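Visitor: Please read through the structure below; I'll follow up with questions.
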Amino acid sequence: MKISQLQWTAEKNWVGGNDLPDAQLVLAFGDHEYFHSAECFAQLRKRFPKACVAGCSSSGNVQGSKISDKDIVATAVRFDHGRVRLVSFDVAPGADIAEISRTMVAQLKADDLRHVLVFSDGLCVNGSELAFGLKSCGVPVTGGLAGDAERFGTTWVMANEKASAKRIVLVGLYGQVTVNNSYCSGWTEFGAERIVTKSVGNVVSEIDGQPALALYKKYLGELASSLPGSGMRFPLNILTPEGDHSLIRTLLAVNEAAQSLTFAGDVPQGSRCKLMRTNLDRLIESADVAAQQARPKNSSEGLCVIVSCVGRRIVLGQLTEEELEAVERHAGVAMKLTGFYSYGELAPVRDVLQCHLHNQTMSLTTIQE
């Protein structure tokens, strides 16, 4: 397995990556309008004519322990024994996302399928429905929802052609490939446990029979005046009605007239929930723990794909790179780091194989031969 990394900036264009023209996989992440230009894909295709090229727009690009904006980072991989296959789908309004993802998974299935990477539009695709369909995969699935910095305007996904909005791409890894994954949150619950008594999809209208927004404001106190922005610091932890796992949901919007809350993922009616809070040290410490869990078992060359929530970056501010440094410290010198800050993370829950949508987490996927 060989890995080469390159970066595009407006001043220098593409730099690096000339040493691996026979790469089978290129992962690209970018926060610049150039990312969704025809020229961007054409340049990558020219450099890597045999590769599956996949990636998405971001709320921050990761290369090593550095986070960057207004540029594009790309990582080329050549496997000695493994192989790669890519499938994509452009989603129409009102489409059944769960069924689409099940259909895509079926196209990838094979006896030697080891792992699936997923990158999806972060605004037009319901991440909860996407994860539900990906549960049929039979192998671990990790990745995330594309970002658009803190603009929340349009997100883009690249899949063997010019990047497009409203797209989903899956990358199957096959053969003698070893993949480990882990995720972390660093958030802790506080306050009383309550029941979501009225919700539709990701919109919560009532909690414990009370208007959801009024109850949320009561907990936030003086910080309620800066909603929805302050909601990034107080996500909701939900235990699904089935009670088999808990998930974190980030507040995206509030509706004063309806007294409702809109989250970055579905909140099923009947779920038990608690508010969460954190501090900077806990977020960084959680990244350290996740890095230890995903640490490769050998020192051979490998790739670590990091997908971390834009909400973590907002909360951490200038300390954001410290969570990347924690990963780099445990990954070792032979492990190259890439990834992006996202509008939602997709990863299994603990020891459960099935994929779920997460918010306010960091997901790590290490790939080796």
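Any read-out appearing in this document is the output of simple, stated calculations on the displayed coordinates, not a laboratory observation. In this text the structure is predicted, and so the values were computed from the model without any measurement. Ideal geometry is used to build each Cβ from the backbone, glycine not excepted, and the neighbour counts take in all protein chains shown.
Visitor: Along the charge dipole of the chain, which of A38, P49, G201 sits closest to the positive end, that is, farthest toward it, with unit charges on the beta carbon of Lys, Arg, Asp and Glu (+1, +1, -1, -1)?
Guide: With unit charges placed on the Cβ atoms, the residue in question is P49.
Visitor: Under 5 Å between amide hydrogens, which residues at least 5 positions from T178 or on another chain qualify, with H placed 1.01 Å from N in the peptide plane?
Guide: Q368, E369
Visitor: Here's something else I'd like to know. Can you tell me the 0 to 90 degree angle between the C-alpha axis of helix 320-331 and the longest principal axis of the chain, rounded to 10?
Guide: 50
Visitor: Also, I was wondering about something else. Tell me, what ³J(HN,Hα) does each residue in region 270-276 have, in order and in whole Hz, if you take phi through Karplus 6.51 cos²θ - 1.76 cosθ + 1.60 with θ = phi - 60° and put x for Gly and Pro?
Guide: With coefficients 6.51, -1.76 and 1.60, one gets x, 5, 8, 9, 9, 6, 10 Hz.
Visitor: Related question: Within region 78-128, list the trypsin sites (Lys or Arg not before Pro) lying in a DSSP loop whose Cβ has at most 16 other Cβ atoms in a 10 Å radius. Kindly include the intermediate steps, with their values, before the conclusion.
Guide: Working: sites: R78, R83, R85, R102, K109, R114; in loops: K109.
Here the sparse-neighbourhood loop sites are K109.
Visitor: Follow-up question, since we're still on this one. Test of understanding: in a Gaussian network model of the chain with alpha carbons linked when under 10 Å, which of S226, S136, S246 would top the mean-square fluctuation ranking?
Guide: Result for the chain, Cα springs under 10 Å: S226 fluctuates most.
Visitor: In region 1-78, which GluC sites (Glu not before Pro) fall in coil by DSSP and have 14 or fewer other Cβ atoms within 10 Å?
Guide: Details: sites: E11, E33, E39; in loops: E11.
When the GluC sites (Glu not before Pro) of region 1-78 are filtered for loop state and at most 14 Cβ neighbours within 10 Å, E11 remain.
Visitor: The list (1) 22.6, 69; (2) 26.5, 98; (3) 19.7, 62 gives values of Rg and Dmax of the Cα atoms in Å, and only one came from this structure; which label was calculated from it?
Guide: Answer label, from the structure shown: (3).
Visitor: Give me the distance between the Cα centres of region 146-212 and region 1-56, rounded to whole Å.
Guide: About 26 Å separates the Cα centre of region 146-212 from the one of region 1-56.
Visitor: Separation between the K297 and Q318 pseudo-spin-labels, each 7 Å from Cα along Cα→Cβ, expressed in nm?
Guide: For the pair K297/Q318, the computed spacing is 4.3 nm.
Visitor: What distance in nm lies between label points placed 7 Å from Cα along the C-beta direction at T103 and T154?
Guide: 2.4
Visitor: Calculate, for E11 and L280, the FRET efficiency according to 1/(1 + (r/R0)^6) with r their C-beta to C-beta distance and R0 30 Å; round to the nearest 0.05.
Guide: Working: r = 33 Å, r/R0 = 1.08.
The value I calculate is 0.40.
Visitor: Starting at the first residue of region 158-167, write each ³J(HN,Hα) from the Karplus equation 6.51 cos²θ - 1.76 cosθ + 1.60 with θ = phi - 60°, in whole Hz, x for Gly and Pro.
Guide: Each residue's phi maps through the Karplus curve to give 9, 8, 6, 6, 3, 4, 9, 6, 6, 10 Hz.
Visitor: For the pair D96/K70, report the inter-label distance in nm, with labels modelled 7 Å from Cα in the Cβ direction.
Guide: 4.6
Visitor: With charges set only on the Cβ (+1 for Lys and Arg, -1 for Asp and Glu), what does the dipole of the chain come to about its Cα centre, in debye to the nearest 20? Could the numbers behind the result be given before it?
Guide: Numbers: 36 positive and 40 negative charges, 70 e Å.
In total the dipole reaches around 340 debye.
Visitor: Placing unit charges on C-beta atoms (Lys and Arg positive, Asp and Glu negative, everything else neutral), compute the dipole magnitude of region 188-277 about its Cα centre in debye, rounded to 20.
Guide: Working: 9 positive and 9 negative charges, 44 e Å.
Charge dipole, region 188-277, about its Cα centre: 200 debye, nearest 20.
Visitor: Return the single residue from H358, H36, H81 with maximal mean-square fluctuation; model: Gaussian network over the chain, springs between Cα atoms under 10 Å.
Guide: Judging by the Gaussian network model, the answer is H81.
Visitor: Additional query: What's the angle, to the nearest 10 degrees (0 to 90), between helix 38-47's Cα axis and the longest principal axis of the chain?
Guide: Roughly 40 degrees between the two axes.
Visitor: Taking a temperature of 25 °C and a viscosity of 0.890 mPa s, what whole-number D in µm²/s does Stokes-Einstein yield for region 57-153 with Rh from Kirkwood over alpha carbon pairs? Don't jump to the answer; show the numbers that get you there.
Guide: Working: Rh = 15.2 Å.
Estimated diffusion coefficient is 161 µm²/s.
Visitor: Pairs to check: K297/K336; K12/K46; K109/K166; K70/K109; K12/K66. Give those whose C-alpha atoms are more than 26 Å from each other in this structure. Present the calculation step by step, with values, prior to reporting the outcome.
Guide: Details: K297/K336 15 Å; K12/K46 17 Å; K109/K166 24 Å; K70/K109 36 Å; K12/K66 18 Å.
As for pairs spanning more than 26 Å Cα to Cα, those are K70/K109.
Visitor: Amide H to amide H under 5 Å from A149: which residues, 5+ apart in sequence or cross-chain, H placed 1.01 Å off N in plane?
Guide: S58, S59, G60
Visitor: Multiplying the sequence separation of K46 and F190 by 0.36 nm and subtracting their Cα-Cα distance, what value in nm do you get?
Guide: Working: separation 144, 0.36 × 144 = 51.84 nm, distance 5.29 nm.
Between K46 and F190, full extension yields 46.5 nm more.
Visitor: Could you pull out every residue, at least 5 positions away or on a different chain, whose amide H is within less than 5 Å of the one on E206? Hs are placed 1.01 Å off N in the peptide plane, and Pro or chain starts have none.
Guide: HN-HN under 5 Å from E206: T197, K198, A212.
Visitor: Pop out the ³J(HN,Hα) list for region 186-191 in order, Karplus 6.51 cos²θ - 1.76 cosθ + 1.60 with θ = phi - 60°, rounded to Hz; leave Gly and Pro as x.
Guide: For region 186-191, the Karplus-derived couplings read x, 9, 10, 6, 8, x Hz, x marking Gly and Pro.
Visitor: Percent antiparallel among DSSP beta bridges with both residues in the chain, to the nearest 5?
Guide: Details: 88 of 108 bridges.
Once the DSSP bridges in the chain are tallied, antiparallel ones form about 80 percent.
Visitor: What is the angle, in °, between the Cα long axis of helix 97-108 and the longest principal axis of the Cα atoms in the chain? Nearest 10 is fine, range 0 to 90.
Guide: Helix 97-108 and the main axis of the chain meet at about 30 degrees.
Visitor: Quick one: length gained pulling A214 to A334 fully straight, 0.36 nm per residue minus the C-alpha distance? Kindly include the intermediate steps, with their values, before the conclusion.
Guide: Details: separation 120, 0.36 × 120 = 43.20 nm, distance 5.10 nm.
Computed gain between A214 and A334 is 38.1 nm.
Visitor: What do you get for trypsin sites (Lys or Arg not before Pro) in region 188-228 restricted to DSSP loop and a cutoff of at most 11 other Cβ within 10 Å of the site's Cβ? Can you show the working numbers first?
Guide: On the way: sites: R194, K198, K217, K218; in loops: none.
Here no trypsin sites (Lys or Arg not before Pro) fit, given the DSSP loop and packing criteria.
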